[in-house]
Amino acid sequence: MIHKKAFVICLFFAYIATSQLAYAQIAGEWKTIDDNTGKARSIIKIYEANNGKYYAKIQKLLDSDRNQDAVCEKCPGEKKGQKLVGMVILRDMTKSGETLSNGHILDPESGKEYTCKIWLEGKELKVRGYWGVFYRTQTWYKNN
């Protein structure tokens, strides 16, 4: 009986450790790729804030057609006219199993915001934005 309890406790702690490792792997710098051209677009930094939620901001623009001082023309509210580099585009993501969810992601191209879910598949980061029942998933790659 004691062995079964010890086994269950070990499984529980192994699950917790695995989940924490997944979150640690999600945090960091990721390269985004344009869905249409296949070209690298930007470097995004995902980080955990003091409130335990995850956020991401644009670190660098990689698209040669864009100036590092480019601003968001279509963004709503206070983000309109704000520089893209340094802009927080992902906010309020919370841990849920081995994913981050229940937050929002901003598409600076359209100025639209979507609910969001993020998870790892191997070394790739899957970023899915939802608008009602419709969604789009992008693959981001670890920036080495």
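Could you go through the stretch 74-95 and let me know if any residue there is under 16 Å from the mean Cα position of the chain (by Cα), free of Cβ contacts under 8 Å to residues at least 12 places away in the same chain and surrounded by fewer than 17 Cβ atoms within 10 Å (Cβ to Cβ).
No, the conditions are met nowhere in the stretch 74-95.
Of the conditions (1) of a type in the set (Phe, Trp, Tyr); (2) surrounded by 15 or more Cβ atoms within 10 Å (Cβ to Cβ); (3) more than 17 Å from GLY28 (Cβ to Cβ), TRP119 fails just one. Which one is it?
With (1) of a type in the set (Phe, Trp, Tyr); (2) surrounded by 15 or more Cβ atoms within 10 Å (Cβ to Cβ); (3) more than 17 Å from GLY28 (Cβ to Cβ) applied to TRP119, the lone miss is (3).
Is there any pair with a first residue in the stretch 28-53 that is within 12 Å of THR139 (Cβ to Cβ) and loosely packed, with under 15 Cβ neighbours inside 10 Å and a second that is modelled with pLDDT of 95 or more and of a type outside the set (Lys, Arg) whose Cβ atoms are under 6 Å apart and which are 6 or more apart or on different chains, and what are they?
Hits for this filter: zero, empty list.
Based on what the data block shows, is ARG136 under 17 Å from ASP34 (Cβ atoms), assigned to a strand (DSSP E or B) and not β-branched (Val, Ile, Thr)?
Yes, satisfied.
Being at negative phi, surrounded by 14 or more Cβ atoms within 10 Å (Cβ to Cβ) and touching a residue at least 60 places away in the same chain (Cβ under 8 Å), is that true of even one residue in the stretch 58-71?
No: zero hits.
The values are calculated or read from the model by the stated rules, or taken from the named source; none is laboratory data. In this text the structure is predicted, and so the values were computed from the model without any measurement. Backbone-built Cβ (ideal geometry, glycine too); neighbour counts: all protein chains shown.
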